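The values are calculated or read from the model by the stated rules, or taken from the named source; none is laboratory data. Keep in mind that this is a model prediction, so the values were computed, not measured. No Cβ is skipped: glycine too gets one built from the backbone with ideal geometry, and neighbour counts run over all protein chains shown. Note: accessible area is taken over every heavy atom of the protein model, side chains too, but ligands, DNA and RNA are not part of it. Shrake-Rupley method; radii C 1.70, N 1.55, O 1.52, S 1.80 Å.
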Amino acid sequence: DGMAQGRGIKCSLCTKALKKIQVLAGDNPDKAVVAAALQKGCRVLGRAMGRLCQRLVKKYQDQITDGLQNGDMPRDICTAIGICRS
């Protein structure tokens with residue numbers, strides 16, 4: 001169904017964005033570093049995807065920041081915030 005496909009696109013977008021953000025944030029990121037990385041990570045995805053990414057990031061910034069600080073995998077973070085199915 002369309003919803004599942006939309007979710008699949010969001011899931012791969014989330015995972016892709018977080019992989020980029022993880023690289024940008026480095027090994028031991030604090031909140032400010034992660035926030036900057038979130039902005040940059042969305043920008044590289046292009047305009048339409050970038051906008052979706054920005055919305056996602058704003059909504060889940062705390063969970064994403066915690067996940068990155070814990071060293072969680074991007075896919076796991078996206079699953080934890082309910083964007084990907086486990």
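Starting from region 10-25, take each residue that is at negative phi and list its partners that are charged (D, E, K, R) and part of a helix (DSSP H, G or I), counting only C-beta distances under 7 angstrom and pairs at least six apart or across chains.
Final answer for the pair search is T15/R75; L24/K40.
What's the total number of residues in region 39-48 that are open to solvent by less than 90 Å² (accessible area, probe 1.4 Å) and within 12 Å of the chain's Cα centre (by Cα)?
The number of residues fulfilling the criteria is 4.
Cβ contacts < 6 Å: first residue under 17 Å from Y60 (Cβ atoms), restricted to region 38-49; second residue open to solvent by less than 80 Å² (accessible area, probe 1.4 Å) and not hydrophobic (A, V, I, L, M, F, W, C), any location; separation 6+ or different chain. Result?
As it stands, the answer is C42/G50; C42/Q54, since those pairs meet every condition given.
Has region 60-74 got at least one residue that is open to solvent by 20 Å² or more (accessible area, probe 1.4 Å), within 17 Å of C11 (Cβ to Cβ), assigned to a loop (DSSP other than H, G, I, E, B) and not aliphatic (A, V, I, L, M)?
For region 60-74, residues open to solvent by 20 Å² or more (accessible area, probe 1.4 Å), within 17 Å of C11 (Cβ to Cβ), assigned to a loop (DSSP other than H, G, I, E, B) and not aliphatic (A, V, I, L, M): present.
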